[in-house]
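What follows is a single structure, written as structure tokens, with notes after it.
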Amino acid sequence: MGRVFFSLCHALLLLLPLVALAVTGQVVNRARDDGTLELLLSHPIRRTHYLAAVTTVRFAALTLPLVGLLVALGGLGRLVFGEAVPWHFIGRASALCAALLWAFTALGIAISVGVRSPARAMTTLIVTWALAVALLDFGLISLMLRWRIEPHAVFALAVANPVQAVRMALLAAAQPDLATMGPVGFYLAHRFGPAGLMAIGIGWPAVFGSVVWLAGLRGFRRGDLV
């Protein structure tokens, strides 16, 4: 069961950012185009309350089913296969996935506020997801090979991406010594430890999402309704 959950969480690292961006990336601009936003805000509703409600509903709709799925899989493995359920890992994975969802939900809301055209917003969402999930590893490797920058700088650049921060925390939760990462894992395990990587994996995406959402809120409050 531990390996199953570990593999599932790594798949979710690729899927969750895309789903969060797709669900939120066209909320405000589409409501602005079809007149829904102007109609709603003609009532005594503040823009801050509207954006907070939209964000909260979509974040809850993404997070709650995911946590329920992880718990249900643990119970199913216990009843059907008689496996010991790694509840500790499930709790950590749920917290990490929730933090990752919050980061990309807020990022999607900010994109929907800043990019007025739904077509351009979709392109921006796809490029953002590709940069966050697929291209950053290749970019870091290229930096190391081309300029031979310090490992500390490479680690800082990797942690700046919420997906990478959550990935390292998940690896530390399943394998505290991080042996699968080689010398990099040895450095991280002894420099930060599983608890430190867990704090980074939850704290940084949460802070990143909050800052991005506040930036989107500022643009939404100052922008036009139509």
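Just a few scattered comments:
- Restricted to helices (runs of 4 or more DSSP H) entirely inside region 21-114, those with at least 1 residues that are over 24 Å from F220 (Cβ atoms) are 47-76, 87-114.
- The condition of being at pLDDT 70 or above, surrounded by 14 or more Cβ atoms within 10 Å (Cβ to Cβ) and out of contact with any strand residue (DSSP E or B) (no Cβ under 9 Å at 6 or more places or on another chain) holds for only one of V163, V184, that being V163.
- First in region 110-121 and on the phi < 0 side of the Ramachandran plot, second anywhere and modelled with pLDDT of 85 or more and not in a helix (DSSP H, G or I), Cβ under 8 Å, 6 or more apart: I111/G25; S112/G25; S112/Q26; P118/Q26; A121/G25; A121/Q26; A121/V115
- Subset of region 62-82 (residues that are surrounded by fewer than 13 Cβ atoms within 10 Å (Cβ to Cβ) and free of Cβ contacts under 8 Å to residues at least 60 places away in the same chain): L64, P65, G68, A72, G75, L79, V80, G82
- Hits in region 191-223 (condition: closer than 11 Å to M168 by Cβ and more than 15 Å from the chain's Cα centre (by Cα)): F192, P194, G196, L197
- Checked across region 27-38, the condition of being under 13 Å from the mean Cα position of the chain (by Cα), open to solvent by less than 50 Å² (accessible area, probe 1.4 Å) and of a type in the set (V, I, T) holds for no residue.
The values are calculated or read from the model by the stated rules, or taken from the named source; none is laboratory data. Fair warning: this is a prediction, and the values are worked out from it, not measured in the lab. Using ideal geometry, Cβ is built from the backbone for each residue, glycine included, and neighbour counts are taken over all protein chains shown. For accessibility, only protein heavy atoms count, side chains too; no ligands or nucleic acids. Shrake-Rupley method; radii C 1.70, N 1.55, O 1.52, S 1.80 Å.
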